[in-house]
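S.K.: Have a look at this one before I ask anything.
The values are calculated or read from the model by the stated rules, or taken from the named source; none is laboratory data. All figures in this text were calculated on a predicted structure; none of them were measured in a lab. Here the Cβ positions follow ideal geometry from the backbone for every residue, glycine too, while neighbour counts run over all protein chains shown. Please note that ligands, DNA and RNA were not included when accessible areas were found on the heavy atoms of the full protein model with its side chains. Shrake-Rupley method; radii C 1.70, N 1.55, O 1.52, S 1.80 Å.
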Amino acid sequence: MKSKKLDGTAIKLIAIFCMLIDHIGAAIIENGVMEGALPRSPFLTIDLFLRGIGRIAFPIFCYTLVEGFTYTHNKAKYLGRLLLFCAISEVPFDAAFSMKFIDNGHQNVFFTLALGLMAMIVLDWGEKQIANKWILGLFDFMITFGFMGLAEVLSTDYSACGVLAILSIYFLRKIPILAIVAPTLVLVLFYQWIEAPAALSIPILLCYNHQKGKGLKYFFYAFYPLHLALLYILLYFVVLQK
């Protein structure tokens, strides 16, 4: 059997590339068509293809979040970074997708990841403190659905489904193949066929060797708000000003 070739840096680079492709469709094409700057045909067909590629990204981000939670030495610092980039990313997120600088109706994906991480911190505490398996099971159920509900209230990206996708990996982390497949199944359960291309994340994660790679930690954090800001600039000054 050949050794697995993809380290953490590689799978994150694949994920952000797929996310960029997705966001070109969502921010540039869909807003351009909606504003009448781009014709519906053939751009909506192109958009469907681009958004399909984008479905690969979120399961990878969920998986690396759980892996980061498992191996980090400072969970509070990890959560702090996510919350910091929640705040940094919100204006470019709103600008790129709703063409408003403040839009409380939809929050960026860092909020979803932060809620998933918070839930894992609480669940991990429960595993260490609660000896009775039935009480622990009830505790896990309440925490899972509590954080899913919070994601719905906050209208985070992927909302309740996103939190459940993260926690499905967490609960199945000791059974690697199920942990890899679980987020795709959750996404398809919630969103049906439109999330089917997320299954392409499975062979990528199967090639993951669980090595950190070259790092580039802050590049991956900063890429999200920076690429959204650039997409908004492109949309506004190039597409809408034609």
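S.K.: State all residues of the stretch 154-174 that are open to solvent by less than 10 Å² (accessible area, probe 1.4 Å) and aromatic (F, W, Y); if no residue qualifies, say none.
M.R.: Y170, the sole residue that qualifies.
S.K.: Is it the case, given these coordinates, that F101 is in a loop (DSSP other than H, G, I, E, B) and open to solvent by 20 Å² or more (accessible area, probe 1.4 Å)?
M.R.: yes
S.K.: Now for a different question. Under the condition of being more than 30 Å from P203 (Cβ to Cβ) and aliphatic (A, V, I, L, M), which residue from the stretch 53-93 is least open to solvent (accessible area, probe 1.4 Å)?
M.R.: L79
S.K.: Could you tell me whether I121 is surrounded by fewer than 17 Cβ atoms within 10 Å (Cβ to Cβ), in contact (Cβ under 8 Å) with a residue 24 or more places away in the chain and β-branched (V, I, T)?
M.R.: Taking the combined requirement at face value, the residue satisfies it.
S.K.: From I194, I204, I177, grab the single residue that is touching a strand residue (DSSP E or B) at 6+ places or on another chain (Cβ under 8 Å) and surrounded by fewer than 22 Cβ atoms within 10 Å (Cβ to Cβ).
M.R.: Of I194, I204, I177, the one residue that is touching a strand residue (DSSP E or B) at 6+ places or on another chain (Cβ under 8 Å) and surrounded by fewer than 22 Cβ atoms within 10 Å (Cβ to Cβ) is I204.
S.K.: In the stretch 106-157, how many are outside any helix (DSSP H, G or I) and farther than 21 Å from M19 by Cα? Break it down into steps so the answer makes sense when it comes.
M.R.: Pass one, the stretch 106-157, residues outside any helix (DSSP H, G or I): 106-108, 130-132, 155-157.
Okay, now just the ones that are also farther than 21 Å from M19 by Cα, so 130-132.
Going through the stretch 106-157 one residue at a time, the tally reaches 3.
S.K.: Name the pairs: first residue in the stretch 221-242 and within 30 Å of R81 (Cα to Cα) and assigned to a helix (DSSP H, G or I), second residue modelled with pLDDT of 90 or more and charged (D, E, K, R), Cβ to Cβ under 7 Å, at least 6 apart or on different chains?
M.R.: From residues that are within 30 Å of R81 (Cα to Cα) and assigned to a helix (DSSP H, G or I), the pairs are Y221/R81.
S.K.: Pick out the one residue from G32, G36 that is part of a loop (DSSP other than H, G, I, E, B) and closer than 30 Å to L240 by Cβ. Spell out the reasoning first.
M.R.: On the way: G32 fails: part of a loop (DSSP other than H, G, I, E, B).
Result of the check over G32, G36: G36.
S.K.: Consider H106 against the criteria (1) open to solvent by 60 Å² or more (accessible area, probe 1.4 Å); (2) in contact with an Asp or Glu (Cβ under 9 Å, 6 or more places away or on another chain); (3) free of Cβ contacts under 8 Å to residues at least 12 places away in the same chain; (4) under 27 Å from I29 (Cα atoms): it satisfies all of them except one. Which criterion is unmet?
M.R.: Tallying (1) open to solvent by 60 Å² or more (accessible area, probe 1.4 Å); (2) in contact with an Asp or Glu (Cβ under 9 Å, 6 or more places away or on another chain); (3) free of Cβ contacts under 8 Å to residues at least 12 places away in the same chain; (4) under 27 Å from I29 (Cα atoms), H106 fails exactly one: (3).
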